[in-house]
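Below is one structure; the comments refer to it alone.
The values are calculated or read from the model by the stated rules, or taken from the named source; none is laboratory data. Remember, it's a predicted structure, so these values are computed and weren't measured experimentally. FYI the Cβ positions are ideal-geometry reconstructions off the backbone, even for glycines, and counts take in every protein chain you see.
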């Protein structure tokens with residue numbers, strides 16, 4: 001497909017387990033963002049990748065969260081030792097440059113439930 | 001720190017009943033204000049970007065306006081398919097690479 005692809009769409013895990021969430025951005029998009037959306041809350045910025053530059057990790061809530069982007073394309077968000085408060089929808093978005101016109105293209109998200 | 005407050009949290013309208021959604025913001029050096037639409041189980045879908053006070057953008061039954069403190073999303077003669085959550089976001093001068101700051105959204109329901 002031509003859009004941003006995320007997998008898995010749903011993930012149920014036990015507290016303390018590690019999870020990996022994957023994002024395939026739109027081909028040619030150099031900027032990639034991860035956001036978190038909790039019930040009743042706005043989208044919370046997590047991390048930003050722009051081309052080959054060092055990622056902006058300023059939004060990561062703890063050192064249990066990490067992300068990488070391989071070859072300037074696919075990105076993986078890893079949450080170690082998951083906690084119940086990590087339950088949320090994790091959204092990935094991409095854009096042509098740095099999204100200066102605000103036009104981010106979002107995937108459908110990965111819904112994470114931590115039991 | 002950039003802040004975005006949207007009101008009301010939820011709005012129920014009859015088909016054809018026009019209304020407005022509000023987005024109040026505080027930001028140091030606005031670089032842009034953005035409106036998105038989000039359907040249940042989907043990611044947000046971009047609608048508009050506004051850059052400066054007085055600017056307006058239109059798309060079908062939607063019109064977005066911007067002042068120095070707030071933005072309105074006007075919905076004229078809405079249809080049931082306009083039902084969705086509408087998100088407002090800002091990007092400030094200090095935002096740089098840290099993406100957009102989003103509000104919590106207005107959940108809009110249009111009843112036939």
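The table below gives the values:
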item: Residue within the stretch B:49-68 that is surrounded by 20 or more Cβ atoms within 10 Å (Cβ to Cβ), in a loop (DSSP other than H, G, I, E, B) and within 14 Å of another protein chain (Cβ to nearest Cβ) present; result: no
item: The stretch B:70-102 - residue that is assigned to a loop (DSSP other than H, G, I, E, B) and modelled with pLDDT of 95 or more and, of those, farthest from the other protein chains (Cβ to nearest Cβ); result: B:77
item: Of all residues in the stretch B:12-30 being crowded, with 19+ Cβ neighbours inside 10 Å and assigned to a strand (DSSP E or B), the one that is modelled with the lowest pLDDT; result: B:30
item: Residue in the stretch A:76-115 that is farthest from residue A:43 (Cα to Cα), counting only those that are crowded, with 21+ Cβ neighbours inside 10 Å and more than 14 Å from every other protein chain (Cβ to nearest Cβ); result: A:82
item: Residue within the stretch A:55-69 that is in contact (Cβ under 8 Å) with a residue 40 or more places away in the chain and more than 24 Å from residue B:40 (Cβ to Cβ) present; result: no
item: Which listed residue is touching a residue at least 24 places away in the same chain (Cβ under 8 Å) and closer than 27 Å to residue B:10 by Cβ, from A:43, A:32, A:21; result: A:43
item: Qualifying residue in the stretch A:14-31 (condition: within 14 Å of chain B (Cβ to nearest Cβ), closer than 23 Å to residue B:102 by Cα, modelled with pLDDT of 95 or more and surrounded by fewer than 14 Cβ atoms within 10 Å (Cβ to Cβ)); result: no
item: Set A:59, A:40: member being within 11 Å of another protein chain (Cβ to nearest Cβ), buried (at least 16 other Cβ atoms within 10 Å of the Cβ) and not in a strand (DSSP E or B); result: A:59
item: Residues located in the stretch B:69-81, provided they are surrounded by fewer than 19 Cβ atoms within 10 Å (Cβ to Cβ), over 20 Å from residue B:28 (Cα atoms) and within 13 Å of the chain's Cα centre (by Cα); result: B:74
